[in-house]
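In what follows, a single structure is set out as structure tokens and then discussed.
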Amino acid sequence: MTFSDWLRADRLPHIFCAGCGNGTVINCTLNAVDQAGLEKEETVFVSGIGCSSRAPGYIVTDSLHTTHGRALAFATGIKMANPALSVVVFTGDGDLAAIGGNHFIHACRRNIDLTVVCMNNMIYGMTGGQGSPTTPRMALSTTTPYGSAEPAFDLCELAIAAGANYVSRWTSYHVKELTRAILAGLRTPGLSFIEAMVQCPTNFGRRNRYRQPLDQVEYFKTHGMLVEKVRRLQEEGQEIPPETIVLGELARRNRPAMGVKT
Amino acid sequence: MQGNVACAEGALAAGCSFFAGYPITPSTEVAEHMAARLPKKGGVFIQMEDELASIAAVIGAAWTGARAMTATSGPGFSLMMENIGFAAMTETPCVIVNIQRGGPSTGQPTMSAQADMMQCRFGSHGDYSIIALSPASVQEMYELTAGAFNLADRFRVPVFLMADEIVGHMRERIEIPDSVPRVERRPLTPGVLPFHPGEDLVPGFPRFGTGHGVHVTGLTHDERGYPCATNPKVHEELVRRLVEKVESKRHEIADYRVTNPDAELVFITYGSPARTVEQVIHDNPEKKIGHLRFRIVWPFPENALREFPRARAFLVPEQNLGQMAREIERHTPVPVIRLPRFGGALHTPEELLAAMEALK
């Protein structure tokens, strides 16, 4: 099988804009799910609201496209009621960290056996480009026309602090690494959180001097730094370049988990 | 047994295997009892981070085939509204218990009210329909909760147990039957589209994990379950069906009790005010006082009003400013007298008798 066996051909074409990074993340996720050997009948995809949350609608398995921010609460109900199901949650930065922030930290705290893939485009794409909790300081959006005054969330730090068993960050440039991280997440009992930084040329890129979709992917490539290197530079007392995106496996541990298949 | 405990026991008797909730007075005993009992029966109890999450988890569990329930009161009920609409739109069977307290806002946490009757019917945005039951005794807390699961499964709607604090915290002897009747969810026939309605306007249920590969969305969807949010015809047909599947069966769903059908003066009640009316009737047998008591309030079965052909006035004591009285007025030319009594204390028998005498 390949990832395309998991797609609903009769739903295509999809709604994502040209140049969007979400498709890359969906492909990586389905490749990982496929490599993990999950059965379609025993896999459920859950999402909230936003561009990222449209993903389950293109996948052939049972799927629940829920309300804004609540995907993890719905997924908790599914997984606790039937731990035999493998549950993957697609979410975005607005869905997960703004309206759904409370469910995010509590799902991590409970360490429910879910794999959560967050497509972080640093913007509200579906509603036309408003600032989100991960919009970088001074970045432009329709609601931050003079540059965002708000410091941004680090979603991975949030997941680690709240107790997730597996936490990793990659970008739409790092296809193989992202796929491997999601696979590792699927194989780790407890909550696995994988942040996938994605370009949004329509609503983020064009307002923030990324003239082409690939310009932002290039930015991910040039500003990404492996966590091991970041730690080494810190130990050596060297300066971490500004705007560095810390990549790699940020946490892997074995806290008590809930909803694990027995 | 306490009313809230009887509610939990009724749910367990009906096979409820999943409870998600958040502590709130005066409903907390339902959650506490479920927390103690469910794990021993192989079920799942989970205390969520808030009521938004509680109802979300209940809906998620329901899609795995579980009979799932939550219990709350006013402020928590308000928080649940968005996902109640999601349950209506996705036709998710679930049971929501509201032990009503005084509102608006934080209001009177420990005092009884019936002021969420309109909220349970219309509280989420958009047109939809639901079923709401109203127990007037501890026995009915048990019976109606058990029955709520059957209605939820048959019609695939959120079903509300709209109790009040008095019934929730009342202690009475009850009779627990050996078993309660059980109506199962009709499963989806393989090959049929997942949201294709049967003759009863209710689609078969495609339980998650059984190979149906169903996409469930709160967006307007076609019979495949696929988003179809800009097609006016699909939206209108879907919303009309969501309402009709319940409203067209309202006289079949109806559950009410009639006392003295020849009476000219008739009390109409639901929930704990019925108890005061029963006292008045008991104390004044010679007066032939009529009493229509609804055990199911929504969908409103207006034919019940015709059980009293000689009625000269309907007196409606409620623990609110006249929410169901307004509904009754819509359906009858008989004058409707609103008898609101709220703040937490029930009407006294003397008050109700005086209201009746004033009409003579």
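Derivation of every value follows stated rules applied to the coordinates shown; laboratory data play no part. It should be emphasised that the depicted structure is a prediction, and the values quoted were computed from it without experimental measurement. Reconstructed Cβ throughout: ideal geometry from the backbone, glycine too, with neighbour counts over all protein chains shown.
Summary of values
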quantity: Members of A:Lys40/A:Lys176; A:Lys40/B:Lys40; A:Lys79/B:Lys40; A:Lys176/A:Lys229; A:Lys79/A:Lys176 lying beyond 30 Å, as alpha-carbon distances in this model show; calculated: A:Lys40/B:Lys40
quantity: Gaussian network model of chain B, Cα within-10 Å springs - most flexible of B:Pro333, B:Pro194, B:Pro227; calculated: B:Pro333
quantity: Calculated [θ] (222 nm, deg cm²/dmol) that DSSP helices of n ≥ 4 give over the protein assembly as shown, each run adding -39,500 (n - 2.57); calculated: -10000 deg cm²/dmol
quantity: P(r) weight above 21 Å for the stretch B:257-357, C-alpha pairs, percent; calculated: 23
quantity: Separation of alpha-carbon centers, the stretch B:45-116 and the stretch B:124-155, rounded to whole Å; calculated: 13
quantity: Exposed GluC sites (Glu not before Pro) absent - longest run of chain B, DSSP non-H/G/I/E/B, at most 12 other C-beta within 10 Å; calculated: B:1-174
quantity: Highest-fluctuation residue, A:Arg110, A:Arg207, A:Arg231 considered, GNM on chain A with Cα pairs under 10 Å; calculated: A:Arg231
quantity: Rel. contact order, % - alpha carbon contacts under 8 angstrom, at least six apart, chain A; calculated: 20
quantity: Calculated diffusion of the protein assembly as shown, Stokes-Einstein form, Kirkwood radius summed over Cα pairs, 37 °C and 0.692 mPa s, µm²/s; calculated: 126
quantity: DSSP beta bridge pairing in chain A, given as percent antiparallel to the nearest 5; calculated: 20
quantity: When the convex hull of its Cα atoms is projected in every direction, mean area for the stretch A:51-103 (nm²); calculated: 3.6
quantity: Under 22 Å from the Cα of B:Lys287 - lysines, other chains or at least 8 residues apart; calculated: B:Lys360
quantity: Part-to-part distance (alpha-carbon centres) for the stretch A:51-95 and the stretch A:105-138, which is given in Å; calculated: 14
quantity: Kirkwood Rh, angstrom, the stretch B:89-170 [1 / mean 1/r, Cα pairs]; calculated: 13.2
quantity: Peptides ranked, highest mean first, by Cβ atoms within 10 Å: ranges A:55-61, A:137-143; calculated: A:55-61, A:137-143
quantity: Of B:Ala11, B:Ala263, B:Ala274, the one that fluctuates the most in a GNM where chain B has Cα springs shorter than 10 Å; calculated: B:Ala263
quantity: Cα convex hull of the stretch B:36-88 - mean projected area over all directions, nm²; calculated: 3.9
quantity: Surface/4 estimate of mean projected area, convex hull on alpha-carbon atoms of chain A, nm²; calculated: 13.3
quantity: Cα centroid separation, the stretch B:273-310 to the stretch A:192-262 (Å); calculated: 67
quantity: Largest to smallest principal axis extent of the C-alpha atoms in chain B, angstrom; calculated: 65, 46, 40
quantity: Taking all pairs of distinct alpha-carbon atoms in the stretch B:3-169, Kirkwood radius in angstrom; calculated: 15.0
quantity: Antiparallel content of DSSP bridges confined to the stretch B:3-169, in %, to 5; calculated: 10
quantity: Vicinal HN-Hα couplings computed from phi for the stretch A:21-26 (Karplus, 6.51 cos²θ - 1.76 cosθ + 1.60; Hz; Gly/Pro x); calculated: x, 5, x, 4, 5, 4
quantity: Nearby lysines by direct alpha-carbon distance to B:Lys233 (threshold 22 angstrom, same-chain neighbours under 8 apart not counted); calculated: B:Lys245
quantity: Per-residue ³J(HN,Hα) for the stretch B:90-96, Karplus 6.51 cos²θ - 1.76 cosθ + 1.60, θ = phi - 60°, Hz, x for Gly and Pro; calculated: 8, 6, 9, x, 7, 10, 10
quantity: Inter-chain shielding of B:80-92 (mean C-beta neighbours from other protein chains, 10 Å cut-off); calculated: 2
